[in-house]
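Working notes for the structure below.
The values are calculated or read from the model by the stated rules, or taken from the named source; none is laboratory data. Fair warning: this is a prediction, and the values are worked out from it, not measured in the lab. Here the Cβ positions follow ideal geometry from the backbone for every residue, glycine too, while neighbour counts run over all protein chains shown.
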Amino acid sequence: MSQTSQKSGSQSIGQRRWKKFKTIKRGYYSLILLTILYGLSFLLPILVNDKALIVRYNGQYSFPAFTSLVASFPLVDQFVSVFQSGESLGQTGNPGQARYRDLQQQYEQENSDNFVVMPLYPYGPIEDITTDGNTAFMEPWSASDGEGSRIMGTDENGRDVFARMAYGFKVSISFALILVFLEYLIGIPIGGLLGFKSGWYDLIGQRFIEMWSTLPILFLIIIVVSFIQPSFILLVLLLALTAWIPITTYIRAEFYREKSKDYVAAAISIGVPTWKIMFKHILPNSLVPIITNFPFAVVAGITSLVALDFLGFGLPPPTPSWGQMLSSGLQNLTKWWLVFSPMFALFATLIMIVFIGEAIREAFDPKTFSRLR
Amino acid sequence: MLQYFIRRLLFAVPTFFGCTIIVFFIVNLAPGGPYEQQVQALKAGSGFGIGSESSAASKDGAATIPPTALAELKRYYGFDKPVYVRYLIWLGLWPRETDSYNVKLGEPRNVGQGQYVIVERNANGSYSIIDKDSKQSLTGVWTAENSVLDSTGITQLRVFKTEYAGILTGHFGNSYEYREPVIDLIASRIPISLQFGVIGLVLSYVICVYLGIQKALRHGSTFDLISSSSILISYSIPGWALGLLLLVLLGGGSFFDVFPLGGLQSREYETLSLGEKILDRAHHFVLPVIASTIQSFATLTLLMKNSLLENLSQDYIRTAFAKGLKEKRIIWLHAMRNSVIPIAANIGHIIGIAFVGSFFIETTFNIEGIGKLSYYAILSRDYTVVFAFTVIGVMVNLFGAIISDFVLAMIDPRIRFR
């Protein structure tokens, strides 16, 4: 008995917050589910793909889906070729990329030792109407001859909506995470400096920030994107240009408050260098607002990517993205599945992140209201 | 206090110039501007039109445009001057050239309204301009300049008038795309955007304040929990995306045909009676207004709720209860007055959101308002319009913040800005 109470007494504030976080079920489960989904999304090339997992042709094995899994990571993709010609696998008259779904049927009819194992969901996010068997605007749960059904149909280019939705998840989350990381990287030092130094630094810095936050950033992004082909990294950088400002505001206020406390005075009096006071002493005490802000910054990151893609100034086609899917839904309003699928994905993702955010806020910054009556 | 606001206004000045400089330079340095677009159009156009005559001159299939024409086009768009001069001209701090005419030395030239001028060269190389009939010197009114057109050294003498006309003098220029003054163009769109912007603003304040109060009073009840979920949902979905979903559901494409697909009015709007006109407009407004209301729904409601809850747990409320005041009176008179402060202070921010948000909602619902105008201005590189919107956007942001502070100071006498 006394042991347990001692244990809880020796718990760090971090442990207590984590414990509190775990008691808020929908936030906790959202975190687990989202983490699993995001982890799985890196395995998408072997789960949802038009490339076969295993191909056995005349005694030779090949693993095209695994090759494309390797190629899905940045930097490595330079060294891996996912191309495998149809003729080399016995698909006569197809010197281009092999069509594994057709191959599977062909091998089955031939009744030979050759076989193809397709991924769980055998359609890719990029293959379009130019590949045999893909038709534009297939309805959900419909299928072309001898193939599995399309869970969410196809879009105006014959691309599989479910596959694009799934790949769009990975793109969106990765984008937002990198963006938020950059925001914090820029926002924390600047905010810390402004709050800690104050005086002229603060005055000039504040004017600069005011100017920067007044910039019509959406205008500028659209103008820049209209003459430079946007890449993932370029878009992150462009959005990060102004997205760090709220972080700076939080951190500045925290530093401003913390610097007048005794422990800072003590650190100054024993001659601790300024940068050390800022980052080793004050920063750990100022993290609460930016930690509670984190999920909401991710929400903002995802929404701005979707918005840019929706306007057509986002990631270059044919990158699977929810915003692009929504805009093709706007152009084909009678094809309801085009809007429903990305909307569902966007909504489910965002609400899970908001649940997490709500739980984190509850755990880190609990507000108790006492009320009469 | 007055000092504080004067200082804020003074600080807004460098911010304004800083912002416009950044935008002006980025936009001007971006390739594909109106001048280049016009050159492209000319090349394509003359390639088809003159055909065989010009095809000999050009090897790559595109027709060659005479350098004089190019230079004049460049001058028309003002691109013959360096960027900083263009910025100063745009501000109105550098003379803008108007009424440019090509002239030959010593020959009379009609410069409009029956006036003829003669340009003569003085001994020191400068030019003097004389009215042909009255022989009066017009050097103060007209300026003559001999400019080199291209690398081969062809020169062109011309006379032009100058004036200081820029945004500081209220001159926003003409739209390249619509060939009408930018001010008129924007003014014609403002009522449209304002109509559903204001309706959305009022609706969201009314709904959010009411809902926030009810949630605070019934904190922890089933009603509070259920409405919290709907707030989370509204927070998780951007307004324009929800609008898109509603369009699919209710726009008659696939499911229910309840609301029109977009636009502001039916095709037969002009033939309707006044009552029908209002109904028709309202019918078209429902979805865009819902979409624009939802954007600030979550933040406003929670702000209201938390602020009221916080006030209800204060000592002065305890005192009020202790001395036996009625609950209604305590809540509506004592707690409410303090609780609306953060809500009221949010108004400047909301004005800004209404401005930017309409950009997406107008695109989604195909409403010809300010947002859509600015969107297409960027697409077509209609620089004068883009800059006008930059100015408006910067002003809305700057004054939104100042207005928020001002409102805060007005309603809360405890607040001291220094």
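Restricting attention to the range B:178-214, the residues being small (Gly, Ala, Ser), under 14 Å from B:Ser292 (Cα atoms) and under 14 Å from the mean Cα position of the chain (by Cα) number 1. Taking (1) part of a helix (DSSP H, G or I); (2) surrounded by fewer than 20 Cβ atoms within 10 Å (Cβ to Cβ); (3) modelled with pLDDT under 90 in turn, A:Phe347 satisfies each apart from (3).
Remark: pairs (first residue in the range A:351-365, more than 10 Å from every other protein chain (Cβ to nearest Cβ); second residue modelled with pLDDT under 90 and outside any helix (DSSP H, G or I); Cβ separation under 8 Å; 6+ apart in sequence or on different chains) = A:Ala359/A:Ile24; A:Glu362/A:Ile24; A:Ala363/A:Ile24.
Could we say that A:Gly195 is modelled with pLDDT under 90 and within 23 Å of A:Phe296 (Cβ to Cβ) here? Criteria met by A:Gly195. Candidates in the range A:8-38 are the residues that are under 18 Å from the mean Cα position of the chain (by Cα), surrounded by 12 or more Cβ atoms within 10 Å (Cβ to Cβ) and among the hydroxyl-bearing types (Ser, Thr, Tyr); of these, the one that is nearest to A:Ile351 (Cα to Cα) is A:Ser30.
Restricting the search to the range B:234-257, which residues are outside any helix (DSSP H, G or I), of a type outside the set (Phe, Trp, Tyr) and more than 15 Å from B:Ile294 (Cα to Cα)? I'd like the intermediate steps shown before the answer.
At the first step, the residues of the range B:234-257 found to be outside any helix (DSSP H, G or I) are B:236-238, B:251-257.
Next, only the ones that are of a type outside the set (Phe, Trp, Tyr) stay: B:236-238, B:251-254, B:257.
Passing the criteria: B:Gly251, B:Gly252, B:Gly253, B:Ser254, B:Asp257.
Counting only residues that are more than 8 Å from chain A (Cβ to nearest Cβ), part of a helix (DSSP H, G or I) and exposed (fewer than 14 other Cβ atoms within 10 Å of the Cβ), the range B:1-16 holds 7 of them.
As a summary of the residue check, A:Met138 satisfies the conditions (1) surrounded by 23 or more Cβ atoms within 10 Å (Cβ to Cβ); (2) in contact with a Ser or Thr (Cβ under 6 Å, 6 or more places away or on another chain) except for the one numbered (1). When the range A:229-261 is limited to residues that are in contact with a helix residue (DSSP H, G or I) (Cβ under 7 Å, 6 or more places away or on another chain) and in a loop (DSSP other than H, G, I, E, B), the one that is nearest to B:Phe24 (Cα to Cα) turns out to be A:Trp244. Taking the conditions exactly as written (surrounded by fewer than 18 Cβ atoms within 10 Å (Cβ to Cβ) and within 28 Å of B:Ser339 (Cβ to Cβ)), does B:Leu203 satisfy them or not? It is true that B:Leu203 is surrounded by fewer than 18 Cβ atoms within 10 Å (Cβ to Cβ) and within 28 Å of B:Ser339 (Cβ to Cβ). For the range A:39-52, the tally of residues that are in contact with a Pro (Cβ under 6 Å, 6 or more places away or on another chain) and surrounded by 20 or more Cβ atoms within 10 Å (Cβ to Cβ) stands at 3.
State whether the residues of the range A:210-227 include one that is of a type in the set (D, E, K, R) and either in a loop (DSSP other than H, G, I, E, B) or in contact (Cβ under 8 Å) with a residue 60 or more places away in the chain (or both). Explain how you work it out, then say what you get.
Residues of the range A:210-227 of a type in the set (D, E, K, R): A:210.
If we keep only those that are either in a loop (DSSP other than H, G, I, E, B) or in contact (Cβ under 8 Å) with a residue 60 or more places away in the chain (or both) too, we end up with none.
Within the range A:210-227, not a single residue is of a type in the set (D, E, K, R) and either in a loop (DSSP other than H, G, I, E, B) or in contact (Cβ under 8 Å) with a residue 60 or more places away in the chain (or both).
Total residues in the range A:200-255 satisfying the condition of being in contact with a Ser or Thr (Cβ under 7 Å, 6 or more places away or on another chain) and away from chain B (no Cβ under 11 Å): the figure is 6.
For the subset of the range A:288-342 comprising residues that are closer than 20 Å to B:Ser254 by Cα, of a type outside the set (S, T, N, Q) and not in a helix (DSSP H, G or I), which member is modelled with the lowest pLDDT?
Ranking the qualifying residues of the range A:288-342, first place goes to A:Leu333.
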